[in-house]
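Student: Have a look at the structure that comes next, please.
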Amino acid sequence: MSNKIFICVALMFLSSIIIGQDKDEVLMKVGNSDVRVSEFKYIYEKNNGANADYSEKNVNEYLDLYIKFKLKVEKAKQLQLDTISALISELSGYRKQLASSYLIDKEVTEFLLRELYDRMKYDVEFSHIFIPVAEGATKSIREEAKSKLREIKSKIVGGMSFENAASEFSSDRTTALKGGNMGYFTAKLPSGFYELESALYKLKPGQISDIVESRIGFHLIKVTNTRPARGIMEVAHILLKQEQQNLADSIYNELLKGKDFDVLALNYSIDKTTAKNGGKLPPFGINTYDKTFEETAFSLGKDGAVSKPVLTKSGWHIIKRLAKPSPDSYELFVRKMKAQINKDQRFDAAKLSLISDIKKAAGYKEDRNELQRFVASLNEDFYSYKWSPDSALQSKMVFSLGGSNIYTIRNFADYCKKNTKTRLKYDKTKPISETIDELFTEYVNESAMEYEEKTLEMKYGDFKSLMREYEEGILLFEATKINVWDKANQDTVGLKVYYDKNKSEYIWPEKAAIVEYKISGVDKKTAEKIYKYAVKNDVSKVEKKFNKKIKIVQVTNKEFESGAKELSGLEWKKGSVSSLLIEPSGTDFSFKKLSEIIPSKQKNLSEARGYVVADYQDYLEKEWIGQLTKEFNVEVNKEILSKLKKQ
């Protein structure tokens with residue numbers, strides 16, 4: 001993210017603060033707390049989602065709920081629950097978890113997604129001069145490659161054409177023969193080529209870049225042209241051998257007469273993979289197939305259009321345009337790309353750019369001399385578990401952020417000690433000074449991110465709203481726990497009084513006592529005999545008659561309320577019996593008998609306790625809201641409220 005972008009964002013933010021101060025009016029006052037329009041809109045839209053239509057009925061209903069919520073929060077503040085150390089610690093933990101991911105999403109992920117979406121609107125044609133360098137190459141090899149490119153660029157500045165320089169000096173011999181021309185490309189380039197992609201989209205046609213690094217080496221880039229992105233195309237083709245031009249012309253003429261493309265593809269195409277599917281190819285963009293094939297496909301002006309036969313290395317193609325999908329909306333693009341973008345090398349590059357901007361804005365200063373003195377005090381023990389900072393190490397500043405945030409060499413040494421795994425990943429043959437430089441960079445970067453995270457509420461209204469939501473949620477939970485949940489469970493006298501007043505609400509409904517019979521290891525005839533006997537006799541007689549030597553009849557007693565699915569097949573009357581069910585084994589059977597209708601009766605407090613406690617909680621909450629309404633004044637600005645509603 002460039003300084004220019006950072007400054008623009010800062011100015012936009014500043015203007016939003018000024019505008020917000022003028023327009024973010026107070027919607028209502030609950031006790032001593034103001035509720036502004038922005039707060040109500042944030043929580044209303046978040047909780048109602050697609051149903052946040054701002055209709056009068058919807059807004060009034062939600063306002064009533066929110067007033068009750070704010071009354072409880074106001075009471076919690078009056079009770080000074082927001083000063084309890086455990087709750088402060090809990091909120092601090094939530095903030096730490098949210099801040100890091102929020103900052104990355106806002107300043108890195110969202111920036112990259114918007115940048116990529118805008119870049120994908122254009123294809124860029126460019127040429128390059130390339131010097132390869134393997135990943136992990138030494139510093140000297142890298143410098144040698146860059147030195148070669150600096151010499152080449154000086155020749156171009158001196159009058160040599162880029163094309164001639166590419167032909168003579170580029171290690172990419174395939175494109176060197178064409179003056180370095182790579183053709184058209186479009187974002188997103190593969191991971192490891194973000195700097196090259198950025199150069200393509202920043203340069204104007206005719207401009208030449210500085211040295212650009214990619215994961216395969218170094219480049220000089222010249223943009224030659226741009227065009228609206230061709231995007232994605234869906235086509236079908238009929239492929240014939242190179243010696244079959246006459247057949248290709250004949251098939252094309254048949255198509256002009258109205259013959260079915262799918263049938264001709266099935267009968268003639270030598271691309272057997274697609275022939276059986278009407279010649280349909282997967283959707284593709286530029287640089288997927290042969291250039292002639294792509295140029296022909298993208299030149300077809302409408303769905304259903306068919307090309308004349310064109311020759312490629314694969315043979316003769318007759319191409320039919322099936323569809324030209326429109327670009328994704330930004331919202332759909334974000335859903336598809338967000339996970340991918342965070343795994344791409346561009347994410348790391350953008351994060352480093354953000355850190356650089358944070359450091360500049362914070363007036364970052366460092367003392368390299370203090371760092372060098374620390375390096376001089378180290379030996380090979382630094383690469384072992386047993387290393388610890390020298391107790392005599394002084395707390396002198398090694399860098400600062402924002403003037404007042406001082407980070408000492410002692411702080412950095414402690415960081416090195418705590419990050420043992422990071423420290424031990426370095427090879428002992430690597431100079432300690434280089435290891436310290438890398439660790440110091442990591443420490444500074446982490447510190448800069450933490451520094452920036454402290455300012456999120458000031459910079460981002462939605463983060464401020466999110467943290468207010470968390471804080472008030474914690475206070476609401478604690479206040480409700482004290483005044484409702486705990487009281488309902490612990491106030492045995494109050495619970496008993498409530499039950500006595502409302503005991504008519506807790507009634508056991510009429511039930512059916514069911515006997516489930518399971519018969520095992522017999523034939524159907526025997527099972528039917530047992531079934532007929534059970535219809536006319538009670539359980540004890542059935543068991544006595546048929547379980548003499550071995551237990552072939554098992555009995556289970558259950559109770560069900562009217563309408564229960566377990567009563568399917570039974571009449572609601574004493575003595576009704578279901579049909580005999582034969583299990584897949586052929587030797588196991590089952591049926592049910594309704595042995596008794598149990599009349600409804602009063603539940604005692606023990607039996608109804610769960611329901612009584614829940615109802616008592618509702619009662620206590622209503623009582624509490626009534627008390628809070630009397631205790632705290634609520635003033636709603638009806639004029640501002642009416643502006644929120646859709647007329």
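The values are calculated or read from the model by the stated rules, or taken from the named source; none is laboratory data. Not measured: the values here are computed from a predicted model. A quick note on method: Cβ atoms are made from the backbone with ideal geometry, for glycine too, and the neighbour counts reach across all protein chains shown.
Residue by residue, here is whether (1) among the polar types (S, T, N, Q); (2) under 42 Å from the mean Cα position of the chain (by Cα); (3) modelled with pLDDT under 95; (4) assigned by TED's automatic domain parsing to the domain that holds residue 197 holds:
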residue: 224; (1), (2), (3), (4): yes, yes, no, yes
residue: 250; (1), (2), (3), (4): yes, no, no, no
residue: 287; (1), (2), (3), (4): yes, yes, yes, no
residue: 311; (1), (2), (3), (4): no, no, no, no
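Student: Could you list, in sequence order, the residues of region 76-92 that are in a helix (DSSP H, G or I) and either within 10 Å of residue 471 (Cβ to Cβ) or touching a residue at least 40 places away in the same chain (Cβ under 8 Å) (or both)?
Tutor: Selection gives 76, 77, 78, 81, 82, 87, 88, 90, 91.
Student: Kindly indicate the residue of region 385-431 that is exposed (fewer than 11 other Cβ atoms within 10 Å of the Cβ), among the charged types (D, E, K, R) and modelled with pLDDT of 85 or more and also nearest to the chain's Cα centre (by Cα) among those meeting that condition.
Tutor: Of everything passing the filter in region 385-431, 418 is nearest to the chain's Cα centre (by Cα).
Student: Hey, another quick one. Can you name the number of the only condition in (1) outside the structural domain of residue 418 (by TED's automatic domain parsing); (2) at pLDDT below 90; (3) part of a helix (DSSP H, G or I) that residue 333 fails?
Tutor: (2)
Student: Also: Which one of the conditions (1) surrounded by fewer than 20 Cβ atoms within 10 Å (Cβ to Cβ); (2) under 30 Å from residue 345 (Cα atoms) does residue 214 fail to meet, given that it meets all the rest?
Tutor: All conditions are met except number (1).
Student: Check region 99-117 and report whether any residue there is over 29 Å from residue 350 (Cβ atoms), of a type in the set (Asp, Glu) and modelled with pLDDT under 90. Working first, answer last.
Tutor: Filtering region 99-117 down to residues over 29 Å from residue 350 (Cβ atoms) leaves none.
So far as region 99-117 goes, no, none of its residues is over 29 Å from residue 350 (Cβ atoms), of a type in the set (Asp, Glu) and modelled with pLDDT under 90.
Student: For region 601-647, give me each residue that is in contact (Cβ under 8 Å) with a residue 60 or more places away in the chain and of a type in the set (S, T, N, Q).
Tutor: 602, 617, 629, 633, 637
Student: Can you tell me which condition residue 559 does not meet? The list is (1) in a loop (DSSP other than H, G, I, E, B); (2) under 54 Å from the mean Cα position of the chain (by Cα); (3) within 15 Å of residue 515 (Cα to Cα), and all the others hold.
Tutor: So residue 559 meets the others, but not (1).
Student: Could you check region 149-165 and list, in sequence order, the residues that are surrounded by 10 or more Cβ atoms within 10 Å (Cβ to Cβ) and either out of contact with any helix residue (DSSP H, G or I) (no Cβ under 9 Å at 6 or more places or on another chain) or of a type in the set (S, T, N, Q) (or both)?
Tutor: 150, 154, 161, 163, 164
Student: Among the residues of region 286-307, write down those that are in contact (Cβ under 8 Å) with a residue 40 or more places away in the chain and touching a helix residue (DSSP H, G or I) at 6+ places or on another chain (Cβ under 9 Å).
Tutor: Across region 286-307, the qualifying residues are 286, 287, 306.
Student: Further question: So is residue 518 free of Cβ contacts under 8 Å to residues at least 24 places away in the same chain and not hydroxyl-bearing (Ser, Thr, Tyr) or not?
Tutor: No, not satisfied.
Student: Turning to a different aspect of this structure: Yes or no: residue 123 of a type outside the set (A, V, I, L, M) and free of Cβ contacts under 8 Å to residues at least 60 places away in the same chain?
Tutor: Judged against the criteria, residue 123 is not a match.
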